[in-house]
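What follows draws every value from the coordinates through simple rules; no lab data is involved. Here the structure is a predicted model, which is why all the values come from computation and not from measurement. Ideal geometry is used to build each Cβ from the backbone, glycine not excepted, and the neighbour counts take in all protein chains shown.
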Amino acid sequence: MGTTVSTSGRITEIVVDHPPVNALTVAGWFELAELVTAAGRDPEVGTVVLRAEGRGFNAGVDIKEMQATEGFDALIGANRGCYAAFKAVYECEVPVISAVHGYCLGGGIGLVGNSDVIVAAAGTRFGLPEVNQGALGAATHLARLVPQHAMRQMVYTAEPIDASQLHAWGSVSRVVPLEELRDAAFEIAGMICSKSPYVIRRAKESLNGIDPVDVNRSYRFEQGFTFELNLAGAGDEARDAFVEGRQPPSG
């Protein structure tokens, strides 16, 4: 269990395995950021495949850790850790392919939205439950996956959507049976690795340079509202409700 790294040929595979739901602790987010960054800096690596074991790809931050920690250290740490991990995926010197299954929620949207290519297992659900948890963030990355008004509805309602819809919109490259997910990701990775390593690295750099939105600054702006919600007490109330298994306050 944990996050592991292995390299086959020029493909580095980073696998997240944090039972029961792959919600990452503060340390887990920073570790992931370091592993992705290190893989991209390795001149022998041509692509990174990011995937997970267990029930789903990623369930976001570990809310139980946050509520069990005195003061705001865990909240601040989770915000900084997510920022670091999302940034690491976006700025990885080689293309990052996310192989997603089960569910991709909260922080998972940040990772996948900043990836270069996405493949998904049939039935995978993508969503931002942040409003239910008294937080905001990763709409920046969701907007890279779905059209503008779909993104707004998903944020306001906290309702997820199926991978098939993202495939129809073109953000998910392939939807395959779960047992074929890893092979599909590696097939695309192999195609990328067959190209000139120098050219691919420059291509990644150039595509980031022409992005219409600065994802790092945009996400940091969103995070400011999470801190405001916590100062107002709304964040703590919502997270307590989550930990206790009840509905968050609506009034």
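When Kirkwood radius over Cα pairs in Å is calculated directly from the model, which label among (1) 20.6; (2) 18.2; (3) 19.8 fits?
The listed entry that was calculated here is (2).
When you count, for each residue, the other Cβ atoms within 10 Å and take the mean per peptide, how do 165-174, 45-54 rank with the highest first? Don't skip to the end; give the middle numbers.
Details: 165-174: 16.5, 45-54: 22.8.
The packing order, highest mean first, is 45-54, 165-174.
Which net charge results when you count Lys and Arg as +1 and Asp and Glu as -1 among the other residues whose beta-carbon is under 10 Å from that of Thr4?
Net local charge, Thr4 excluded: -3.
So which residue, out of Glu34, Glu179, Glu13, gets the largest mean-square fluctuation from a GNM of the chain using Cα contacts under 10 Å as springs?
Glu179
Thr3's amide H: which non-local residues (gap 5+, or another chain) put their own amide H closer than 5 Å, with H modeled 1.01 Å from N in plane and none for Pro or chain starts?
Close amide H contacts, sequence-distant or interchain: Asp17.
Could you tell me how many degrees, from 0 to 90 and to the nearest 10, lie between the Cα long axis of helix 197-209 and the main elongation axis, the longest principal axis, of the Cα atoms of the chain?
40
Quick check on packing: order 15-25, 231-241 by the mean number of other C-beta atoms within 10 Å, highest mean leading.
15-25, 231-241
Of Ala232, Gly245, Pro147, which is farthest towards the positive pole of the range 144-247's charge dipole, taken about the Cα centre with +1 and -1 on the beta-carbons of Lys, Arg and Asp, Glu respectively?
Pro147
What net charge is computed for the residues neighbouring Thr37, neighbours being all others with C-beta under 13 Å from the C-beta of Thr37, Lys and Arg scored +1, Asp and Glu -1? Kindly include the intermediate steps, with their values, before the conclusion.
Numbers: positive: Arg41, Lys87; negative: Glu31, Glu34, Asp42, Glu91, Glu93.
Cβ neighbours under 13 Å give a net charge of -3.
Listed highest first by mean packing, meaning other Cβ atoms within 10 Å per residue, what order do 127-134, 85-92 come in?
Descending packing order for the listed peptides: 85-92, 127-134.
Give me the angle, in degrees from 0 to 90, between the Cα long axis of helix 234-243 and the longest principal axis of the Cα atoms of the chain, rounded to the nearest 10.
Once rounded, one gets 80 degrees.
How far is helix 181-193 tilted off the main Cα axis of the chain, in degrees rounded to 10, range 0 to 90?
50
Between Val5 and Ala27, what is the label-point separation in nm under the 7 Å Cα-to-beta-carbon projection?
Going from the Ala27 label point to the Val5 one covers 1.8 nm.
Quick one: among Ala139, Ala99, Ala27, which has the greatest mean-square fluctuation in a GNM of the chain with alpha-carbon springs under 10 angstrom?
Ala27
Rank Val36, Thr157, Val94 by how far each Cα sits towards the positive end of the charge dipole of the chain (+1 on Lys, Arg Cβ; -1 on Asp, Glu Cβ) and give me just the farthest.
So the residue we want is Val94.
Using just the helices of the chain, give the 222 nm mean residue ellipticity in deg cm²/dmol: DSSP H runs with n ≥ 4 each add -39,500 (n - 2.57), and the total is spread over all residues, rounded to 500. Write down the numbers at each step before the final one.
Working: 11 runs with 122 residues, N = 251.
My calculation for the chain gives -15000 deg cm²/dmol from helical runs alone.
Any idea how far the Cα center of the range 77-99 sits from the one of the range 121-144, in Å?
Cα centroid to Cα centroid, the span is 16 Å.
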